[in-house]
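S.K.: Can you keep this structure in mind? I'll have questions shortly.
The values are calculated or read from the model by the stated rules, or taken from the named source; none is laboratory data. What you are looking at is a predicted structure, and each value in this text was computed from that prediction instead of being measured. Heads up, the Cβs are rebuilt from the backbone with ideal geometry, glycines too, and the neighbour counts pull from every protein chain shown.
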Amino acid sequence: MAWSRLLLLLCNPVPSPPTADQLLATVFGHSAFRGAQSGIVSHITNGGDALVLMPTGGGKSLCYQLPALLRSGTALVVSPLIALMQDQVAALRQAGVRAAFLNSTLDGQQVNSVERALRNGELDLLYVAPERLMMPRMLDLLHESQLALFAIDEAHCVSQWGHDFRPEYLQLSVLHEQFPEVPRIALTATADPQTRDEIIARLKLEDARIFVSSFDRPNIRYTIVDKVDAREQLLRFIQEEHAGEAGIVYCLSRKKVDETAAWLKTRGVRALPYHAGMETATRAKHQARFQQEDGIVVVATIAFGMGIDKPDVRFVAHLDLPKSIEGYYQETGRAGRDGQPADAWMAYGLGDVVQQQRMIDLSEGGEVFKRVLRTKLDALLGLCETAGCRRTRLLGYFGETTGAGHNCGNCDNCLEPPQTWDATEAARKALSAIYRTGQRFGAVHLIDVLRGKSTERIAQWGHDKLTVFGIGADVDESTWRNVFRQLMALGYASPDHEAYGALQLTDASRGMLKGEVQVEMRRVTPTRKGKSAKVRRGASGGLSPADAALMDKLKSWRFVEA
Ligand code: ADP
Ligand code: ZN
């Protein structure tokens, strides 16, 4: 830190080291600490280790930048993101902090000069990429230098099952072994208990104090509707609740991004596509327009979002199911950064469950890896299917408990409690149909059997002779789809993707078939929260285009070699 500058600022005749509050104001320009920052800063400054779990935008960097100035020596900041590292160093230098970075963008001479500065104690903060930190030469240099602390940013990168896994992060436990007296602070915005435990174990942070900030975003209203005709439902949502406002619509595939953006445009929405397959210049232009103009709706794959800092995004919509609650939270978290009311809206249907489960089953990677993905998906499905408060469920996943039966007053289920029905009987019929047809068919055919339809396929397989044929004629088709979706989401049936999505019974099915388990299910409510109750249904008997496409696929796959 430039002490002369501080002396001037503080006009103190007897130079005493500045306090945290003073530095907060003079260097960072903030009038007060936010949330847990103050406690974290003093804990680290006093030499303690910490694990900090704070949502994106919560103010994590201050938690190590300030102790770096308060403690003598240089703070080493491990960060995997080169661009972010350079931005931070530039901003710190502007504020008069002696900061530098070491990464692959520097030439030999620049590296030498930074290393010299470190050895001579001329740096407050040094940002390094993890692979560089682990080089023997760098570790030697650290032993010759005075170190204030180690900050490990994006600490979830140690998690082998996370989407940001960096093998070099696994070696960071060396820091604790070689420099046991130097305090360490690990930071992340990924807060599920599994990842948290992994960070603690791999970085040897067993004695660290854990600081968990609330992940609640009270101004975001969560709504998950049953998918009927997702595009039309989305259009109505935008027109009725967010006409002329900025928003993001997430889709799974590039093709769907392009199609949805084009379609919204024909309906008068100022929509622009964004995905990694587009030309770089066009993509950059769309991002810039979204940031600068009012009321642009970006339709995007999850490639869109990193580095977007637009405070007045009024809604984030999902036309496809994300892979996990972490993904859902991160994506919806881009809404309402300004604290004003914002919507997180998602359309969810049978096709989503099948598609995501299928992607996991057919993905490369070992059984353990797939099991982790399945667990993550199941947690998200639980959020989609719950009849209780979505916020409570979401925060519960991140380890925040609000008490059972909590009503947040700002999610669809709290605002308009869903109707439920006793679906035990229907569930048993559905599972019987799976069993009687040999666990070789998908939901489409099973529903035909239950409803007693006379299709070619039913005749061909002789399924009209089965006891289950027509036993579900009193329940309509969309309710049956809902039943199958919930059975899959709840783990009572699972699609075998090696057998083209044929539904099979699970261990849990037995209890249900025996009548030991009761199930309450949500009623099909595609128009929840919508003021107009009329839903224009697609031509295919109430199937959404996505479900219809999926059914076409299932139909062509339905024949499994006997
Ligand atoms: P994170 O790394 O957790 O995503 P940052 O450290 O980038 O968050 O901080 C997010 C934003 O919040 C930055 O613009 C930062 O200047 C601001 N900020 C951080 N701490 C405070 C504070 N105590 N008061 C006001 N603004 C703050
Ligand atoms: Zn709620």
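S.K.: Could you tell me whether region 430-452 includes any residue that is of a type in the set (K, R), in contact with a helix residue (DSSP H, G or I) (Cβ under 6 Å, 6 or more places away or on another chain), away from ligand 1 (no atom under 16 Å from the Cβ) and part of a helix (DSSP H, G or I)?
M.R.: So far as region 430-452 goes, no, none of its residues is of a type in the set (K, R), in contact with a helix residue (DSSP H, G or I) (Cβ under 6 Å, 6 or more places away or on another chain), away from ligand 1 (no atom under 16 Å from the Cβ) and part of a helix (DSSP H, G or I).
S.K.: Hey, could you check region 176-195 for residues that are under 21 Å from the mean Cα position of the chain (by Cα) and under 21 Å from L76 (Cα atoms) and say which is surrounded by the fewest Cβ atoms within 10 Å (Cβ to Cβ)?
M.R.: A189
S.K.: Still on this structure, please answer the following. Name the pairs whose Cβ atoms lie under 9 Å apart, with the first residue in region 20-38 and under 18 Å from D124 (Cα atoms) and touching a residue at least 60 places away in the same chain (Cβ under 8 Å), the second near ligand 1 (Cβ under 10 Å from one of its atoms) and assigned to a helix (DSSP H, G or I), and 6 or more positions between them or separate chains?
M.R.: V27/Q65; V27/L66; F28/L62; F28/Q65; F28/L66
S.K.: How about region 365-399: which of its residues are more than 21 Å from R221 (Cβ to Cβ), surrounded by fewer than 16 Cβ atoms within 10 Å (Cβ to Cβ) and of a type in the set (A, V, I, L, M)?
M.R.: Hit for region 365-399 is V368, nothing else.
S.K.: Here's a follow-up. So if I check each of N407, N413, which one is surrounded by 15 or more Cβ atoms within 10 Å (Cβ to Cβ), within 14 Å of ligand 2 (Cβ to nearest atom) and part of a helix (DSSP H, G or I)?
M.R.: So the residue among N407, N413 that is surrounded by 15 or more Cβ atoms within 10 Å (Cβ to Cβ), within 14 Å of ligand 2 (Cβ to nearest atom) and part of a helix (DSSP H, G or I) is N413.
S.K.: Looking at (1) surrounded by fewer than 18 Cβ atoms within 10 Å (Cβ to Cβ); (2) in contact with an Asp or Glu (Cβ under 6 Å, 6 or more places away or on another chain); (3) not hydrophobic (A, V, I, L, M, F, W, C), which one does T402 not meet, given that it meets all the others?
M.R.: Status for T402: all satisfied but (2).
S.K.: Of all the residues that make up region 247-273, how many are assigned to a helix (DSSP H, G or I) and basic (K, R)?
M.R.: Qualifying residue count, region 247-273: 4.
S.K.: Pick from region 152-170 the residues that are touching a strand residue (DSSP E or B) at 6+ places or on another chain (Cβ under 7 Å) and in a helix (DSSP H, G or I): which of them is surrounded by the fewest Cβ atoms within 10 Å (Cβ to Cβ)?
M.R.: H156
S.K.: Now for a separate question. Tell me which of these L381 doesn't satisfy, since it passes every other one: (1) within 15 Å of ligand 2 (Cβ to nearest atom); (2) within 14 Å of I224 (Cβ to Cβ).
M.R.: For L381, the exception is condition (1).
S.K.: Restricting region 274-323 to residues that are among the small types (G, A, S) and assigned to a loop (DSSP other than H, G, I, E, B), which is surrounded by the fewest Cβ atoms within 10 Å (Cβ to Cβ)? Walk me through how you get there before you give the answer.
M.R.: Here is the first cut: in region 274-323, the ones among the small types (G, A, S) are 276-277, 281, 284, 288, 295, 300, 303, 305, 307, 317.
Filter once more, keeping what is assigned to a loop (DSSP other than H, G, I, E, B): 276-277, 295, 303, 305, 307.
Working: A276: 12, G277: 13, G295: 15, A303: 14, G305: 18, G307: 10.
Across region 274-323, the extreme among qualifying residues is G307.
S.K.: Could I ask something else about it? Mind checking which helices (runs of 4 or more DSSP H) fall wholly inside region 1-118 and carry at least 2 residues that are at pLDDT 90 or above and within 21 Å of Q146 (Cβ to Cβ)?
M.R.: By residue number, 20-26, 37-45, 62-70, 82-94.
S.K.: Oh, and also: Given the conditions (1) surrounded by 14 or more Cβ atoms within 10 Å (Cβ to Cβ); (2) under 20 Å from V97 (Cα atoms); (3) hydroxyl-bearing (S, T, Y), and given that S173 satisfies all but one, which numbered condition is not satisfied?
M.R.: With respect to (1) surrounded by 14 or more Cβ atoms within 10 Å (Cβ to Cβ); (2) under 20 Å from V97 (Cα atoms); (3) hydroxyl-bearing (S, T, Y), S173 is out only on (2).
S.K.: So in region 373-416, with the set limited to residues that are modelled with pLDDT of 85 or more and over 23 Å from V353 (Cα atoms), which one is farthest from ligand 1 (Cβ to nearest atom)?
M.R.: E416
S.K.: Also: Checking the conditions here, which among T402, T424 is polar (S, T, N, Q) and more than 10 Å from ligand 2 (Cβ to nearest atom)?
M.R.: Working: T402 fails: more than 10 Å from ligand 2 (Cβ to nearest atom).
Of T402, T424, the one residue that is polar (S, T, N, Q) and more than 10 Å from ligand 2 (Cβ to nearest atom) is T424.
S.K.: Do we find that H143 is in a helix (DSSP H, G or I), at pLDDT 95 or above and not hydroxyl-bearing (S, T, Y) in this structure? Steps first, please.
M.R.: On the way: in a helix (DSSP H, G or I): yes; at pLDDT 95 or above: yes; not hydroxyl-bearing (S, T, Y): yes.
Taking the combined requirement at face value, the residue satisfies it.
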